[in-house]
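These notes are about the structure you will find just below.
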Amino acid sequence: MTREDAWALLTEFTKNRNLLRHALAVEAAMRAYARKFGEDEEKWGIVGLIHDFDYEQHPSLEEHPFVGVKILKERGWPEDIIRAVLAHADHTGVKRETLMEKALYAVDELTGLIVAVALVRPSKSILDVKVSSVKKKWKEKSFAAGVNRKDIERGAQELGVPLEEHIAIVLEAMQGIAEELGLAGGKSTKS
């Protein structure tokens, strides 16, 4: 499967701009972790891109990601990609075993927190966000309350990456696609 195949699948089922941007953010973070671990960057990026492709149409815990997995199987997607999509959601009962599965789980929630931090900045630019900015907002329980910080911590632990380094890897990956995420803002103080 190619990135083009993944993008076609994603856009067939997902029209919401924010969900598409989330998929791009997770793709970028997955590619960064693939580089870090010397793994297949294309495959890891594809997993990040499609992990929530069924969510817009099937957001309930009873359906997501099970409907998506059924579609992936019907269309002949590789088993390791299917398993990673299942393993990124604790409610599926699929235990994360591979680095790819662990990375997907680790980056999924964190991308949302980073976007929220960028959006409250005066510039609305992710390019102005620093690891310290994310850590500061992390402590505010009411900030981005829907983001499960325990999942982020558990994900970093499963990967064997210290939390601060984990934030830095994901933030840098997302900053690399600031335009695609709609988070380049008008001005940036960070080059």
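Details
- Checking every residue in region 23-43 against the condition of being closer than 18 Å to Pro78 by Cβ and either over 16 Å from the mean Cα position of the chain (by Cα) or not in a helix (DSSP H, G or I) (or both) gives at least one match.
- Those residues of region 91-100 which are in contact (Cβ under 8 Å) with a residue 24 or more places away in the chain and either in contact with a Lys or Arg (Cβ under 9 Å, 6 or more places away or on another chain) or at positive phi (or both), in sequence order: Arg96, Met100
- Sole exception among (1) without any contact (Cβ under 8 Å) to a residue 60 or more places away in the chain; (2) under 25 Å from Ala184 (Cβ atoms); (3) buried (at least 19 other Cβ atoms within 10 Å of the Cβ); (4) not acidic (Asp, Glu) for Ile169, by number: (1)
- The residues on offer are Glu42, Glu63, and the sole one that is touching a Lys or Arg at 6+ places or on another chain (Cβ under 9 Å) and over 14 Å from Glu12 (Cα atoms) is Glu42.
- Filter result (charged (D, E, K, R), assigned to a loop (DSSP other than H, G, I, E, B) and surrounded by fewer than 20 Cβ atoms within 10 Å (Cβ to Cβ)) within region 80-105: Lys95, Glu97
- Verdict on Ala23 being closer than 22 Å to His91 by Cα and among the aliphatic types (A, V, I, L, M): yes
- Among the residues of region 19-44, those that are of a type outside the set (A, V, I, L, M, F, W, C) and either farther than 19 Å from Glu179 by Cβ or surrounded by 21 or more Cβ atoms within 10 Å (Cβ to Cβ) (or both) comprise His22, Glu27, Arg31, Tyr33, Arg35, Lys36, Gly38, Glu39, Asp40, Glu41, Glu42, Lys43.
- Scanning region 1-18 for residues that are farther than 19 Å from Lys70 by Cβ, among the hydrophobic types (A, V, I, L, M, F, W, C) and surrounded by fewer than 17 Cβ atoms within 10 Å (Cβ to Cβ) returns no hits.
- A search for C-beta distances below 7 Å between a residue of region 20-48 that is acidic (Asp, Glu) and any residue that is in a helix (DSSP H, G or I) and crowded, with 17+ Cβ neighbours inside 10 Å, counting only pairs 6+ apart in sequence or on different chains, returns Glu27/Gly45; Glu27/Gly48; Glu27/Leu49; Glu39/Leu99; Glu39/Met100; Asp40/Ala34; Glu41/Arg31; Glu41/Ala34.
- Scanning region 77-104 for residues being over 15 Å from Lys43 (Cα atoms) and not charged (D, E, K, R) gives a total of 8.
Every number here is computed from the coordinates shown, using simple stated rules; none is lab data. Since the model is a prediction, treat every value here as computed from it, not as a measurement. A quick note on method: Cβ atoms are made from the backbone with ideal geometry, for glycine too, and the neighbour counts reach across all protein chains shown.
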